[in-house]
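Asker: First the structure, which I've put down as structure tokens, then a few questions once you've had a look.
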Amino acid sequence: MRHKLVVGNWKMHGDRDLINRLVEGIIDGRPQISETVEIGICPTYLHIEQVAKLLLAANLKIRMGAQNVYCEEKGAYTGEVSAPMLAQLGVSLVIVGHSERRELFAESDALIAEKFKAIQANNMTPILCIGESLEQREQGITEEIVLAQLDAVIREAGIDVFNNAVIAYEPIWAIGTGKTATPDQAQEVHRIIREYLADQDTEVAAAIKILYGGSVKSGNARELFDQADIDGSLVGGASLEAAEFISICKSAD
Ligand code: 13P
């Protein structure tokens, strides 16, 4: 039985006041959600320490996440942050391969695989994002695209690394557009991903959480979570409002 995981990706949002309010709202709402539902929040690098302190004081089951990392441990990489630095702040989940990083920052499959390995080497869990563009969906190559993105990590790191990883299927056309994939559309791709993993290792495939991301909100979360291969969500815009995020988490009960 896979328990659900709901992760808020706050992207480049928030100032100190908003972050305080948001975290306090999530802390207040946490007891209303079953303990079996895992919750994570990913603020900017700059706000991780602020959030970590609030979470520590509250002593609730909320996982600290980060939105990115660099693959090297240390050195002359101006502007970058390493996995050991994140681990030291109590981060346990790290998003890698988000389409915004692939597209806006030209991150390659090879770099994403290196980052993935660095996250695990520091005892944190990667959330590997994969997903097709609208053009690719219309061309009928969704399966090919998402499996190639997945394969880039498997080729580099092996199938066993998925024992400690989460996958997030995020169709690019559904991100920030208000245009959610229908539960059937999302389930279809999640099933394809799980079957692909099962061809290589049935235990890994049965255990791994595959999250859906793309315009998830309280109004559509439950029907997505009801699908057999959807194990939760990576939530963008709707995670910036505590009540809305808590309501999404409740749908995962
Ligand atoms: P939205 O929920 O704002 O569509 O963003 C999804 C996402 O990119 C989460 O990583």
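Just so you know, all these numbers are worked out from the coordinates, no wet-lab data involved. Being a predicted model, the structure only gives us computed values, none of them experimental. No Cβ is skipped: glycine too gets one built from the backbone with ideal geometry, and neighbour counts run over all protein chains shown.
Asker: Please turn the phi angles of the stretch 69-74 into ³J(HN,Hα) values with the Karplus equation 6.51 cos²θ - 1.76 cosθ + 1.60 (θ = phi - 60°), one per residue in order, whole Hz, x for glycine and proline.
Answerer: Those phi angles translate into 6, 9, 7, 7, 6, 6 Hz.
Asker: Obtain the nm distance between the two label points defined at residue 108 and residue 59 by a simple spin-label model: each point lies 7 Å from its Cα along the Cα-to-C-beta direction.
Answerer: Taking the simple label geometry, residue 108 and residue 59 are separated by 4.9 nm.
Asker: Please give the FRET efficiency for residue 151 paired with residue 198, using the beta carbon to beta carbon distance and R0 = 22 Å, rounded to the nearest 0.05. Mind showing how you got there, number by number?
Answerer: On the way: r = 14 Å, r/R0 = 0.66.
My answer for the efficiency is 0.95.
Asker: Give me the percent relative contact order of the stretch 148-253, please, defined on Cα pairs under 8 angstrom at least 6 residues apart.
Answerer: Values: 150 pairs, mean separation 30.7, N = 106.
Relative contact order for the stretch 148-253 comes out at 29 percent.
Asker: For the stretch 138-143, what does the Karplus curve 6.51 cos²θ - 1.76 cosθ + 1.60, with θ = phi - 60°, yield as ³J(HN,Hα) per residue in whole Hz, taken in order and with x for Gly and Pro?
Answerer: Each residue's phi maps through the Karplus curve to give 5, 7, x, 10, 3, 4 Hz.
Asker: Here is a further query. In Å, what Rg and Dmax follow from the Cα atoms of the stretch 119-253?
Answerer: In order Rg, Dmax, the Cα atoms of the stretch 119-253 give 14.6, 41 Å.
Asker: While we're here: Give, as ranges by residue number, the residues of the stretch 139-169 whose backbone N falls under 13 Å from the point 7 Å along Cα→Cβ of residue 121.
Answerer: Inside the label zone: 157.
Asker: If each residue of separation counts as 0.36 nm, what is the full-extension length gain between residue 44 and residue 164 once their alpha-carbon separation is subtracted? Present the calculation step by step, with values, prior to reporting the outcome.
Answerer: Values: separation 120, 0.36 × 120 = 43.20 nm, distance 2.32 nm.
So the extension gain works out to 40.9 nm.
Asker: Among the chymotrypsin sites (Phe, Trp or Tyr not before Pro) within the stretch 29-80, which fall in a DSSP loop and have no more than 15 other Cβ atoms within 10 Å of their own Cβ? Walk me through the intermediate numbers first.
Answerer: Numbers: sites: 45, 70, 77; in loops: 77.
Here the chymotrypsin sites (Phe, Trp or Tyr not before Pro) that fit, given the DSSP loop and packing criteria, are 77.
Asker: Please give the residues of the stretch 41-58, grouped as numeric ranges, whose backbone N is less than 17 Å from a label point set 7 Å along the Cα-to-Cβ vector of residue 15.
Answerer: What the label zone holds, given the 17 Å backbone N cut-off, is 44, 46-47.
Asker: How are the alpha carbon pair distances in the chain distributed across 10 Å bins from zero to the largest one, expressed in percent?
Answerer: Result, from short to long distances: 7, 34, 39, 19, 2, 0 percent.
Asker: Also, I was wondering about something else. GNM, the chain, Cα, under 10 Å: largest mean-square fluctuation among 139, 32, 67?
Answerer: In the Gaussian network model the winner is 139.
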